[in-house]
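Okay, structure first, notes after.
The values are calculated or read from the model by the stated rules, or taken from the named source; none is laboratory data. What you are looking at is a predicted structure, and each value in this text was computed from that prediction instead of being measured. We place every Cβ from the backbone using ideal geometry, glycine too, and count neighbours over all the protein chains shown.
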Amino acid sequence: MYPDIVKQFRINFKIGVNKIAHHRHQYIGDKNFLVLLAIWVGILSGFAAIVLKYSVHWIQHLLEGGFNVRYENYLYLLYPLFGILLSVLYLRIFHYKKVFDKGLSSIIYSISRKGATVERHKTFSHVITSALTVGFGGSVGLEAPIAVTGSAIGANTAKDLLLNKQSRTLLLACGAASGIAAIFNSPIAGVIFAFEVLLTEVSIPAFIPLLIASASGAVVSKLFYSEQLFFLTTNDWDLNALPFYLLLGAFCGLISAYMVRMSTSIEHYFNKRKNPWQKAIYGGMLIGLLLFFLPALYGEGYNTITNLMAGNAHMLLDRSLFYAYNDNAWVILLVVGVVVLLKVFAAAITIGAGGNGGIFGPSLFTGALSGFLFARFINLTRLTELNEQNFIAVAMCGLISGALHAPLTGIFLIAEITGGYVLIIPLMIVSSMAYFVTRYFEPNSIYKKTLIERGFITDDKDIALLRSVPIEKLIETDYTAVHAHQTLRNLLDIVSHSKRNTFPVVNNSGVLLGILTLDELKEVMFNTDHYDTMTVTDLMILPAAVVQTNDTIETLMERFEETHIWTIPVVSGDKYVGFITKSNLLQHYRLQFISGEQTKLN
């Protein structure tokens with residue numbers, strides 16, 4: 001009964017959508033319609049961000065509300081384990097057979113290889129799992145889950161309204177931008193983030209929907225949470241500190257490279273473990289142990305950033321074994337340094353163990369502590385007097401720029417969430433220096449590195465352009481197959497009626513045995529003595545290369561490059577399917593290039 005009701009609802013829904021789509025064209029143009037949808041996606045993503053933010057704060061207040069700052073609390077050993085187990089349990093019950101990729105890498109992959117389609121359950125499943133993970137102390141951020149949620153809202157809105165791939169991609173980016181804008185109250189950073197991380201090809205017409213979606217998400221956020229995330233009280237920056245900002249940028253670059261490398265290494269380690277319950281238990285227990293010794297690693301850690309910017313660095317030792325040393329500047333500095341190094345471990349283990357969250361928040365957290373560590377160390381050595389608050393702010397920008405390879409996002413995000421536009425020059429200096437240093441050690445961002453290593457995406461624009469064409473579309477099947485036992489007389493009759501000069505040789509089962517070209521025939525075709533004695537087997541040659549129907553464009557390009565031939569046979573298993581010619585490949589490349597240029601102009 002219930003499945004029938006659901007099925008009928010889906011049918012009626014599709015009929016209704018088709019009617020709306022038909023009538024819409026009569027009254028609203030495509031561009032205006034996209035603007036309206038951008039507002040709708042922005043509002044929904046904004047509400048999702050508010051739900052996620054308040055859920056996490058409520059859980060954290062419930063769990064930590066009665067803790068005494070003077071004493072360590074053994075419940076930290078259990079909280080992350082419970083959160084990760086609950087997240088895994090939810091996924092096993094409600095999404096057992098569904099794809100549940102975490103982080104923004106899955107969205108980048110969706111844009112690059114899946115036609116900007118995102119699974120429908122991601123419109124809510126990331127909110128639930130990340131709330132459980134972070135609320136119970138998982139050392140990750142909420143930005144990636146809300147960006148994925150917004151992307152799913154945008155992509156599925158476009159899918160339901162039967163929009164094309166270009167519109168789906170744009171609304172997907174609108175959802176991500178509005179989610180980021182809402183979680184930070186930072187609309188400009190949301191737009192720039194969408195372009196830097198998701199939409200690598202800048203399209204001017206896309207700015208308007210993105211701006212409106214981001215603004216809509218920020219307005220919704222303002223209605224429920226109007227406070228500024230961090231407060232920066234500085235009014236200026238000291239020109240004499242310029243060399244130290246340069247050094248800080250290099251320092252942030254090294255920390256960023258460390259974060260990218262360690263995060264991907266830990267991810268690979270956990271991916272090799274298949275039992276989800278074992279991963280959850282071992283990972284949860286390890287995170288709990290880290291939180292017991294260093295409670296500053298709990299959750300996003302934004303309270304820690306707030307305390308640092310307010311000059312209350314001693315509060316990092318609250319509820320820890322080191323509380324008795326909270327008046328010792330060097331002990332505080334040592335603890336901060338350890339937390340900087342361990343935050344990436346805590347974040348990667350949380351995600352690898354089965355929790356849900358992102359690296360965006362940990363990048364901000366690590367940046368703030370790195371800036372404090374740098375400035376406080378210089379101040380303690382009395383080399384000069386640095387404004388620690390300024391260095392905390394610009395170092396957050398440095399880590400976003402380096403780890404995410406998003407320098408403009410880092411600059412405008414920190415300027416917006418701290419109100420620190422007065423620091424725009426130091427932000428630019430540290431952002432660019434951190435980006436340059438990180439790129440030297442890690443050419444790819446934390447989001448793209450794993451995807452590139454697995455061959456899912458590429459930085460080669462030519463390959464990326466061709467990847468949008470399935471290899472099946474390149475296969476030409478109008479080649480006449482010949483059988484190995486056929487005589488030269490039969491073969492010449494076939495050749496005389498064919499427009500091709502290459503012939504696949506197959507057996508009775510369709511297995512490719514070799515190929516035959518006119519070059520082999522020229523030597524014998526005028527010798528009538530061989531017409532009935534010579535067979536195709538005597539004339540065929542082995543192909544220089546073959547490709548499978550499920551091979552990648554990179555493999556095809558490598559085969560052409562290695563063999564210097566113009567035509568490659570395609571097989572499925574060992575069965576002949578057709579040929580791919582270099583001319584057809586180049587023709588598709590040309591068409592995709594022209595299509596891409598027209599899309600930018602539109």
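Which numbered condition trips up ILE463, out of (1) modelled with pLDDT under 80; (2) assigned to a loop (DSSP other than H, G, I, E, B)?
Result: ILE463 fails condition (2) only.
Going by the conditions given, is ASN307 of a type outside the set (Asp, Glu), assigned by TED's automatic domain parsing to the domain that holds ILE417 and over 26 Å from ILE429 (Cα atoms)?
no
Of the residues LEU369, LEU383, LEU321, which single one is under 30 Å from LEU86 (Cβ atoms), more than 20 Å from the chain's Cα centre (by Cα) and part of a loop (DSSP other than H, G, I, E, B)?
One residue alone meets the criteria, LEU321.
Applying the selection to segment 285-311, what residues are under 16 Å from LEU342 (Cβ atoms), assigned to a helix (DSSP H, G or I) and not aromatic (Phe, Trp, Tyr)?
Within segment 285-311, MET285, LEU286, ILE287, GLY288, LEU289, LEU290, LEU291, PRO295, ALA296, LEU297, THR304 meet the criteria.
Give GLY137, GLY154, GLY150, GLY175 a once-over and let me know the one that is under 30 Å from GLY352 (Cβ atoms) and either among the basic types (Lys, Arg) or in a loop (DSSP other than H, G, I, E, B) (or both).
One residue alone meets the criteria, GLY137.
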